[in-house]
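Heads up: the structure comes next, in structure tokens.
Only the coordinates and a few stated rules stand behind these numbers; no lab work does. Worth saying up front: this structure is predicted, and the values here are computed from it rather than measured. Backbone-built Cβ (ideal geometry, glycine too); neighbour counts: all protein chains shown.
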Amino acid sequence: MRIDIITVLPELIKSPFEASILKRAVDKGIVEVHMHDLRRYGLNKYNQIDDYQYGGGAGMVMMIEPIDKMIAELKSERDYDEVIYMTPDGVTLNQRMANHLSIKGNLIILCGHYKGVDQRVRDLYVTKEISIGDYVLSGGELGAAVLCDAIIRLIPGVISDETSALTDSFQDDLLAPPVYTRPADYKGTTVPEILLSGNLPAIDKWREEQAYERTKSRRPDLLTDY
Ligand code: ADE
């Protein structure tokens, strides 16, 4: 997979790819992530990328021309499956969307700033608009980092124990069951007996029940199919 991120703040989004699982995925050659500074296509001697909005009102709007040029440059080099725009008024990211995007080949992610991008960018180039939640960030970069993390960890070979991604919360529309590790007794607080029993079918059943109970109490909205 290749991800091209268009941003006015490349330094803001570099660090997640220089640590942990994302770095491993990059080092293994499973994913390539490239940052593109939109100011490269900024206008005039100030490298301007935003301007006042037509009709008046507070806040700047990102202009179509630098974005058009950047996307045209990328598209001249390869085909893209999606051009994703990070925006609070997009569709809220969920595990199903992450699964779907994790099997794509090439993605462009456009990070918005200020009041967002000129609507014509969205109409002409963007194929998916994604929000990471009902709150407003100061730019799309942190949202793009969240999206990339959610996608990349699902690509086969990125997480060493592949079943580990399959048993995450949400992967089967249920939250994950509680987990425990050593010691079995810590100052009198103990691990459920069943997990120490070695009876794998009984443990699986217990985990399913726990996942269901946890989902029912915390996120009943996820249980419509059960
Ligand atoms: N940009 C600003 N807020 C955002 C959000 N909640 N999700 C994605 N991109 C954003």
Which residue fluctuates most in the GNM of the chain (Cα springs below 10 Å): G56, G140, G112?
G56
Note: L223 to S138 extended length (0.36 nm per residue) minus current alpha-carbon separation gives 27.3 nm
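Here is the link list: K69/K104; K104/K216; K75/K128. Which ones come out longer than 27 Å on Cα distance? Kindly include the intermediate steps, with their values, before the conclusion.
Values: K69/K104 24 Å; K104/K216 33 Å; K75/K128 16 Å.
Flagged as over cut-off: K104/K216.
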Angle between the chain longest axis and helix 200-218 axis [Cα atoms, degrees, rounded to 10]
50
Given a 10 angstrom Cα cut-off, can you work out which residue in D89, D27, D185 is the most mobile in a GNM of the chain?
D185
Which of R207, R96, R39 fluctuates most in a GNM of the chain (C-alpha springs under 10 Å)? That residue is R207
What nm distance separates the two modelled labels at A58 and A19, each placed 7 Å from Cα along Cα→Cβ?
3.3
Determine the relative contact order of the chain: mean sequence separation of Cα pairs under 8 Å and six or more apart, normalised by residue count, in whole percent.
20
